[in-house]
Amino acid sequence: SVNKLFVLPGDGIGPEVTAEVEKIANFLTKEGIARFEIERGLVGGAAYDAHGVAISEDDMARAGAADAILLAAVGGPKWDKVPYDVRPEAGLLRLRKDFNLYANLRPAICYPALADASSLKRELVDGLDLLIVRELTGGVYFGEPKQIIDLGNGQKRAIDTQVYDTYEIERIGRIAFELARKRRNKVTSSEKHNVMKSGVLWREVIIDLHKREFPDVELEHQLADALGMQLVRRPKQFDVIVTDNLFGDMLSDVASMLTGSLGMLPSASLGAEDAKTGHRKALYEPVHGSAPDIAGKGLANPIAMIGSFGMALRYSFGLTELADKLEAAIAGVLDKGLRTADIKGNAPKAISTSEMGDAILAELKAR
Ligand code: NAI
Ligand code: MG
């Protein structure tokens, strides 16, 4: 069957890193290993320059018709002054909202070859492989009321509201348990039930779901502050961590520093399953931004983008073995000492974006 990929290069280094993914996808298609049909669209500053919007209705429709969306990054100083509702990030928010992408998956993998670039000592992170599952469409970032009230006495009051319904907790929990079954079968659920009602409900719903549907998966609970501490103390104890929008935002940024470089980190955002087809809308993107400081120079590390494609193979296309091979190819290239500038460390020289893409493709061919 044909795997339909909608590619949104976006801004800055986006076109450079997505070109490396297309190189790999086209190779796989040509060799008959898997068939990819690639369409390209515009998002962010690129869409604003062309159409005056952050993403066009036509591109939204084409994104909706694809099996997976691959987005690099949006934004840059060039668009800092464009109106709020068409600013580059609005394109990203629109995709998340319209496709109801409620589950954000952020793996933190520490390749042995890069363990010395971690913020932690090598022995703490060597072989690290954890996955943070963050709730992305609810919680305090969206809850109402959300306002600043003028109290009139020279004082103001800011209000944000944390809201979670049972179904929101249950569906994110289900994703975490299902993913754990394909990994090391352990879920750590994190909230602050000691001081937050949303934490009380979160814990209750997760425990109930576990009992009903996933008794075979190991479940533990850690308060979010304690989990932050454990992440930098003994990160290898974790397999899948499931948590809310706010805690997940913070904890995944902490976890990213365990792995070496921003240029290495992929992510996936998954939506609800279509009742008829069982297909899930999904957006795959690197964690890094558009890196305007190095754009157009061939300096960008394409690994986060290629890794995001790997996640698409795994979660949207069911090509698990191919995803394993691609990840092994990335590890293999790093083992050989090949490095882009951002991860150069003590390596004698850095290679370019396209040289890294070529090296990964060569490694993949050899497997
Ligand atoms: P950034 O992630 O773009 O860059 C931070 C630093 O990391 C820079 O020094 C950059 O050169 C480096 N870097 C990032 N990705 C790299 C890669 N693949 N290879 C090598 N080096 C890499 O974050 P920054 O500078 O805060 O933001 C730049 C622009 O990107 C802004 O307009 C921001 O709004 C946007 N942005 C977009 C995101 C998205 O589309 N999801 C996420 C974060 C930022
Ligand atoms: Mg963040």
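Things worth noting here:
- Other residues lying with their Cβ under 15 Å from the Cβ of Ala226 contribute a combined charge of +1, Lys and Arg counting +1, Asp and Glu -1.
- Convex hull volume of segment 129-257 per residue (C-alpha atoms, cubic angstrom): 114
- Span-rule helices in the chain, defined as complete DSSP H runs reaching 15 Å or more along the axis (Cα) with Kyte mean at least 1.0: 303-315
- Normalised contact order of the chain, rounded percent, pairs of Cα under 8 Å and 6 or more residues apart: 21
- Of Lys146, Lys192, Lys121, the one that fluctuates the most in a GNM where the chain has Cα springs shorter than 10 Å: Lys146
- Of the GluC sites (Glu not before Pro) found in segment 16-87, those that fall in a DSSP loop while having at most 14 other beta-carbon atoms within 10 Å are Glu31.
- Backbone phi angles across segment 141-156, fed through the Karplus curve with coefficients 6.51, -1.76 and 1.60 (θ = phi - 60°), yield HN-Hα couplings of 6, 10, x, 10, x, 9, 6, 10, 9, 7, 7, x, 9, x, 10, 10 Hz in residue order; Gly and Pro are listed as x.
- Taken one residue at a time, the phi angles of segment 3-13 give Karplus couplings (6.51, -1.76, 1.60, θ = phi - 60°) of 9, 8, 10, 9, 9, 10, x, x, 10, x, 6 Hz. Gly and Pro are set to x.
- Most fluctuating residue given options Arg62, Arg87, Arg157, as computed from a GNM of the chain linking Cα atoms under 10 Å: Arg157
- For Val242, nonlocal amide neighbours, meaning residues 5 or more places apart or on other chains whose placed amide H falls under 5 Å from its own, are Val133, Thr188, Ser189, Ser190.
- Remark: segment 129-257 carries a charge dipole of roughly 340 debye about the Cα centre, counting +1 on each Lys and Arg Cβ and -1 on each Asp and Glu Cβ.
- Global geometry of segment 3-143, whether rounded, prolate or oblate, following the gyration tensor of its Cα atoms and the 1.5 cut on a/c: oblate
- Sorted on the mean count of surrounding Cβ atoms within 10 Å across their residues, most packed first, peptides 193-201, 351-359 read 351-359, 193-201.
- Here the Karplus relation 6.51 cos²θ - 1.76 cosθ + 1.60, evaluated at θ = phi - 60°, turns the backbone of segment 129-134 into coupling constants of 8, 10, 9, 9, 10, 9 Hz, with x for every Gly and Pro.
- Taking every alpha-carbon pair in the chain and binning the separations at 20 Å intervals from zero gives 28, 59, 12, 0 percent.
Bear in mind these aren't lab numbers, they're just calculated from the coordinates by the rules spelled out. Note that the structure is predicted; figures quoted are calculated from it, not measured. Using ideal geometry, Cβ is built from the backbone for each residue, glycine included, and neighbour counts are taken over all protein chains shown.
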